[in-house]
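As structure tokens, the structure follows; a few thoughts come after it.
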Amino acid sequence: ALEHVTLTTPDCSRVLQHNLSLEVTDGGALLLTGPTGAGKTSLMRAVAGLWTFGNGRIRRPPADEIMFMPQKPYLILGSIRRQIQYPGTDDASDETLLKILREVDLGHLPEQFGGLDSELNWTEVLSGGEQQRLAFARLLLNRPRFAILDEATSALDIASEERLYSRLLRLPITIISIGHRPS
């Protein structure tokens with residue numbers, strides 16, 4: 001929930017959001033759109049506790065109940081298995097991981113790169129769209145209570161975006177999506 005939140009640029013020369021109040025309840029979904037520079041990413045960062053320029057009150061669930069998906073996903077050093085499991089536990093079966101990879105149209109990765117335990121520099125190996133689909137695989141496995149997606153499908157075509165969101169909407173995850181396009 002946001003209560004009378006105003007966000008500014010770091011030098012306080014420009015207001016990005018003014019007196020914004022909203023609440024997203026369990027099971028809900030929210031799409032935030034607006035032009036470039038309107039402060040959408042700053043708002044996500046404020047919810048995460050990373051943007052401190054402004055005032056108002058932000059109430060959020062505990063850190064272990066929320067996942068943030070930026071436009072460019074953070075890929076850790078490690079195997080495909082660890083990429084999917086991040087930041088959660090490592091107790092998922094191979095069958096579960098392979099199923100999730102198929103659900104996000106990445107079922108080819110283990111065979112293409114030598115299995116689930118293959119370790120490569122994934123930011124150099126995977127395209128932007130593949131990296132974004134891998135981030136969706138994380139959501140499907142970790143199933144946080146809340147997910148905040150900031151342009152999380154910007155490198156995907158509309159049909160892929162629709163498939164991923166449709167799959168996500170079948171889970172008990174409250175989704176806040178930030179984007180330029182209404183799709």
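Averaging the sequence gap over all C-alpha pairs within less than 8 Å and six or more residues apart, then dividing by the number of residues, gives segment 20-175 a relative contact order of 33 percent. Near Leu106, no amide H atom lies under 5 Å from its own; only residues 5 or more places off or on other chains count, and H is placed 1.01 Å from N.
Under 5 Å between amide hydrogens, built in the peptide plane, is the criterion, and for Ser177 it picks out Leu30, Leu31, Leu32, Leu149 among residues at least 5 positions away or on other chains. The phi torsions of segment 16-30, fed into the Karplus equation with coefficients 6.51, -1.76 and 1.60 and a -60° offset, translate into couplings of 8, 9, 10, 6, 8, 10, 6, 9, 10, 9, 3, x, x, 8, 9 Hz, rounded to whole numbers, with Gly and Pro shown as x. With kT/(6 pi eta Rh) evaluated at 10 °C and eta = 1.306 mPa s, and Rh the Kirkwood radius from Cα pairs, segment 53-144 diffuses with a coefficient of 113 µm²/s according to Stokes-Einstein. Using a 1.4 Å probe on the protein heavy atoms, what percent of the accessible area of the chain belongs to carbon and sulfur? Carbon-and-sulfur percentage of accessible area, whole number: 52. Note on the chain: antiparallel DSSP beta bridges, both residues inside, total approximately 40 percent of the bridges counted. Using only C-alpha positions, report the orientation-averaged shadow area of the convex hull of the chain, nm², one decimal. The number I arrive at for the chain is 10.6 nm². Rounded to two decimals, the Cα radius of gyration of segment 1-82 over 2.2 N^0.38 Å is 1.24. Calculated accessible area for segment 1-98 comes out at 60 Å² per residue, all protein chains present (probe 1.4 Å; ligands, DNA, RNA ignored). Over the residues of the chain, the helix contribution to mean residue ellipticity at 222 nm works out to -9500 deg cm²/dmol, using -39500 (n - 2.57) for each DSSP H run of at least 4. For segment 92-164, the mean projected area of the C-alpha convex hull, equal to one quarter of the hull surface, is 5.2 nm².
The values are calculated or read from the model by the stated rules, or taken from the named source; none is laboratory data. It should be emphasised that the depicted structure is a prediction, and the values quoted were computed from it without experimental measurement. Heads up: the accessible areas ignore ligands, DNA and RNA and are worked out on the full protein's heavy atoms, side chains in. Shrake-Rupley method; radii C 1.70, N 1.55, O 1.52, S 1.80 Å.
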